[in-house]
Amino acid sequence: MSNYFRIDSANIWENISKAKWIWGGDNPRPVNQYRLFRKEINFDELPLNAEIYIYAESRYRLYINNEFIQVGPAPCQPDNRLFDNYEIGKYFKPGMNCIGIEVYCPGLMNGQWTMVNPGLIASIGINSGTECIITDSSWKTTHSIAWVSNTQICPYAKGFHEYYDMTKSEPG
């Protein structure tokens, strides 16, 4: 299990401090775009438990083995980020597993989002935190062309219309 590192403490905050902000691509602040993240992990045996702490600028959708888990994060100030926490062990199976995350970047201030660079940070504690998967350069990432970025902006601080073209959806 080369994607893991061992820790002496089950303190998840230690694990989060080791996680890296990831984004990818050439544009540090794209406008109205989605980026896809993927991490595959193999379990010879199912873990006893697993939990994820996750945060993204600005929104995310979390999937495990192609099953929708949650959307987030809760709105917060950039200086006081609120990590979401979910028990995810029940979504894993023996063998290869896939964690997929869609992250949305509005790229502008509109009353709902502040002007920050986009990114994803996550820490997944396995077996009460004795093993951990963190966001780092080993995650696969790509800009998604399935979401049309040239859409109308909604009034009253709602952001852009979401337009998803399933014919352009990325396989896998």
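Computed values, structure above
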{"item": "Under 29 Å from the Cα of Lys20 - lysines, other chains or at least 8 residues apart", "result": "Lys39, Lys90, Lys93, Lys140"}
{"item": "Accessible surface of Lys168 - all protein chains present, 1.4 Å probe, nearest 10 Å²", "result": "100 Å²"}
{"item": "Solvent accessible area, Å² - Asp136, 1.4 Å probe, full protein context", "result": "50 Å²"}
{"item": "Projected label distance in nm at Cys154 and Asn49, using a 7 Å step from Cα toward the beta-carbon", "result": "3.7 nm"}
{"item": "Accessible area of the stretch 10-137 divided out per residue, in Å², using a probe of 1.4 angstrom", "result": "48 Å²"}
{"item": "Accessible-area ranking of Met96, Met166, largest first, probe 1.4 Å", "result": "Met166, Met96"}
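The values are calculated or read from the model by the stated rules, or taken from the named source; none is laboratory data. None of the values given here were measured: they were computed from a predicted structure. Cβ atoms come from the backbone with ideal geometry, glycine included; neighbour counts cover every protein chain shown. Side chains are part of the model used for accessible areas, which takes the heavy atoms of the whole protein and leaves out ligands, DNA and RNA. Shrake-Rupley method; radii C 1.70, N 1.55, O 1.52, S 1.80 Å.
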